[in-house]
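**Student:** Just passing along the structure, written as structure tokens.
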Amino acid sequence: MTQIISAISLWIIPALISLIIVFAVWNRVPVYETFVEGAKDGFQIAINIIPHLVGMMVAITVFRESGALELLTGYLRPFLNLINFPAEVFPLAIIRPISGTGALAITSDLIAVHGADSLVGRLASTMQGSTDTTLYIITVYFGAVGIKKSGYAVKVGLFADLVGIIASLIIVSFYF
Amino acid sequence: MVNIIWLALIIIGIFTAAIQGNLEAVNLAIFDGAKAGVTISFGLISILVFWLGMMKIAESAGLLKIISRILQPFVAWLFPEVPKNHPALGYIVSNMTANLFGLGNAATPMGIKAMQELQLLNPTKDQASASMSTLLAINTSGLTLIPTTVIAIRMTYSSANPTEIVGTTILATIFSTFSAIILDRWYRSRQRFRKNQ
């Protein structure tokens, strides 16, 4: 299993790029010009994130540096140790279904403080990449068509987030 | 919701620091936090620019269309109530393809278009139909193959091996999406059972 995961991590990006290039050459796509045309949008998207991320990072850094975060994780640690869940990552698990920028900021902060290659950093990375912001997506998608009663959709979404978090914990603990 | 979280973090932080007598930490934190926000966003530029460029090539080369065609039978199975050549299916497939390649900005408009088409088929206009719930389940469980943003953050903070988490992320995504589909199916049959009572 570990070998499969390593192989995927190593190969998927080069494989995908090769596939795209083969298709492009096959269909006589002017690769470089097309690349530049699509790539231009990337800059604007990253710049547009700045106000959101600055706001969240300030809030999280203040929360952490004031000692409030340590009080919170210290309180949670005895319970979370029972299931081998690193207490530092717990705020991410809670915020992830609620706020996308908040989750991004917490993940960044965890990686900055604990290192990208620590257990905490790797767990945060996996959790961030494998789940999505349930409540935001429900609001946007259902709101766009005027749905007021979401029924069981919220429960399914949150359940998926929970499974993603637990799966991330188990997978990361075993693999690394 | 986001407002509450943001306010809570700042207010609790300042309050805690004041009580513990290390208010200078707050002053430092504000500027460090702002700097980090910009640093991370700048770190995202490189990956986003590269990835969107590659995706444009993929689109022009017809690769996305082929992937959509491969996904079609799977999508038809997931959304049995939607008639076979209904435009909703096309948008759903585009939404899933965009999600797979981490194109959140393309996935959302496609998803909304799909919702609009599904609303035309919806018998109860203010309540989510079964198809809508399924579409939502697929989206919120996260369908990304390559977590480009996370990789970019790891690179910004000097990871020795930024992409090592890709395999674990894909595996975790498979579990979360799979569980979403299963639970969604269960709720669906329960609702159908109740309707037939």
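Bear in mind that the values in this text are calculations on the coordinates, not laboratory data. Only a predicted model underlies this, so the values are computations on that prediction, with no experimental measurement involved. Virtual Cβ from ideal backbone geometry, glycine too; neighbours counted across all protein chains shown.
**Student:** List the equivalent ellipsoid semi-axes of segment A:25-176 in whole Å, largest first, each obtained as the square root of 5λ for an eigenvalue λ of the Cα gyration tensor.
**Tutor:** Here the semi-axes work out to 31, 22, 18 Å.
**Student:** Continuing with this model, one more query. So for chain B, taking the charge dipole from beta-carbon charges (+1 Lys/Arg, -1 Asp/Glu), which of B:Q119, B:L171, B:I5 sits furthest toward the positive end?
**Tutor:** Going by the Cα projections, it comes out as B:Q119.
**Student:** Still on this structure, please answer the following. Compute the Kirkwood hydrodynamic radius of segment B:1-45, taking the inverse of the mean of 1/r over all pairs of distinct Cα atoms, and give it in Å to one decimal.
**Tutor:** For segment B:1-45, inverting the mean 1/r across all distinct Cα pairs yields 11.8 Å.
**Student:** Would you list B:R194, A:R96, B:R185 from fewest to most Cβ contacts within 10 Å?
**Tutor:** The fewest-first ordering by Cβ neighbours comes to B:R194, B:R185, A:R96.
**Student:** Moving on. Grab the DSSP H runs of chain B that are 4 residues or longer, score each as -39,500 (n - 2.57), total them, divide by all residues and round the 222 nm result to the nearest 500 deg cm²/dmol.
**Tutor:** Mean residue ellipticity at 222 nm (helix-derived): -27000 deg cm²/dmol.
**Student:** Now for a different question. Taking every eigenvalue of the Cα gyration tensor of segment B:72-177, multiplying by 5 and rooting it, what semi-axes result, largest first, whole Å?
**Tutor:** They are 32, 13, 11 Å, listed from largest to smallest.
**Student:** From the phi angles alone, apply the Karplus equation (6.51, -1.76, 1.60; θ = phi - 60°) to segment B:32-37 and give each ³J(HN,Hα) in whole Hz, x where the residue is Gly or Pro.
**Tutor:** Here the 3J(HN,Hα) series is 5, x, 4, 4, 4, x Hz.
**Student:** Compute the angle between helix A:134-145 and the longest alpha-carbon principal axis of chain A, please, reported from 0 to 90 degrees and rounded to the nearest 10.
**Tutor:** On a 0 to 90 degree scale, this one is about 60.
**Student:** Restricted to Cα positions, what overall size does segment A:37-106 have along the principal axes? Three whole-Å values, descending.
**Tutor:** 52, 26, 16
**Student:** While we're looking at this one, here's another question. Return the average number of partner chain Cβ atoms within 10 angstrom of each residue Cβ along peptide B:103-111.
**Tutor:** For this peptide, the per-residue mean of nearby foreign Cβ atoms is 2.
**Student:** Give me the one-decimal nm value for the distance between modelled label points at B:N3 and B:Q72, 7 Å along each residue's Cα-to-Cβ direction.
**Tutor:** Going by the 7 Å Cα→Cβ label model, 4.7 nm.
**Student:** What is the P(r) of segment A:69-159, as percent of Cα-Cα pairs per 10 Å bin from 0?
**Tutor:** 16, 41, 28, 13, 2
**Student:** Rounded to the nearest 20 debye, what is the charge dipole size of chain B about its Cα centre when +1 sits on each Lys and Arg Cβ and -1 on each Asp and Glu Cβ?
**Tutor:** That gives a dipole near 840 debye.
**Student:** Sticking with this structure for a sec: Taking only DSSP H segments of four or more residues, each worth -39500 (n - 2.57), what value at 222 nm results for chain A once the sum is divided by all its residues, to the nearest 500 deg cm²/dmol?
**Tutor:** -27500 deg cm²/dmol
**Student:** Further question on the same structure: If Rh is defined by the Kirkwood formula over all Cα pairs and Rg also comes from Cα, what ratio Rg/Rh do you get for segment A:120-176?
**Tutor:** Result: Rg/Rh = 1.13.
**Student:** Assigning unit charges at the beta carbon (Lys, Arg +1; Asp, Glu -1) and nothing else, what dipole magnitude in debye, to the nearest 20, does the protein assembly as shown show about its Cα centre?
**Tutor:** Value, rounded to 20: 1380 debye.
**Student:** Among A:S130, A:Y152, A:V22, pick out the residue whose Cα is farthest towards the positive end of the charge dipole of chain A, where Lys and Arg carry +1 and Asp and Glu carry -1 on C-beta, about the Cα centre.
**Tutor:** Projecting each Cα onto the dipole axis, the largest value belongs to A:Y152.
**Student:** Counting other C-beta atoms within 10 Å, and keeping those with at most 13, which DSSP coil GluC sites (Glu not before Pro) do you find in segment A:21-66?
**Tutor:** For GluC sites (Glu not before Pro) across segment A:21-66 that sit outside H, G, I, E and B with at most 13 neighbouring Cβ atoms in 10 Å, the list is empty.
**Student:** Please arrange A:T34, B:T148 by counting, for each residue, the other beta carbons lying within 10 Å of its beta carbon, fewest first.
**Tutor:** The most exposed by this proxy come first: A:T34, B:T148.
**Student:** Would you report the distance distribution of C-alpha pairs in the protein assembly as shown as whole percents per 10 angstrom bin, up to the bin with the largest distance?
**Tutor:** Per 10 Å bin, starting at 0, the Cα pair percentages come out as 5, 22, 32, 26, 12, 3, 0.
**Student:** Compute the distribution of all C-alpha to C-alpha distances in segment B:122-197, in bins of 10 Å from 0, and list the percent of pairs in each, rounded to whole numbers.
**Tutor:** The percentages, shortest bin first, are 17, 33, 23, 16, 9, 2.
**Student:** If I take the Cα coordinates of chain B and project them onto the principal axes, what are the three extents in Å, biggest first?
**Tutor:** Answer, in whole Å and largest first: 65, 47, 28 Å.
**Student:** I've got another one for you. How large is the dipole of segment B:22-106 about the Cα centre if only Lys and Arg carry +1 and Asp and Glu carry -1, each at its Cβ, rounded to the nearest 20 debye?
**Tutor:** Its charge dipole is roughly 420 debye.
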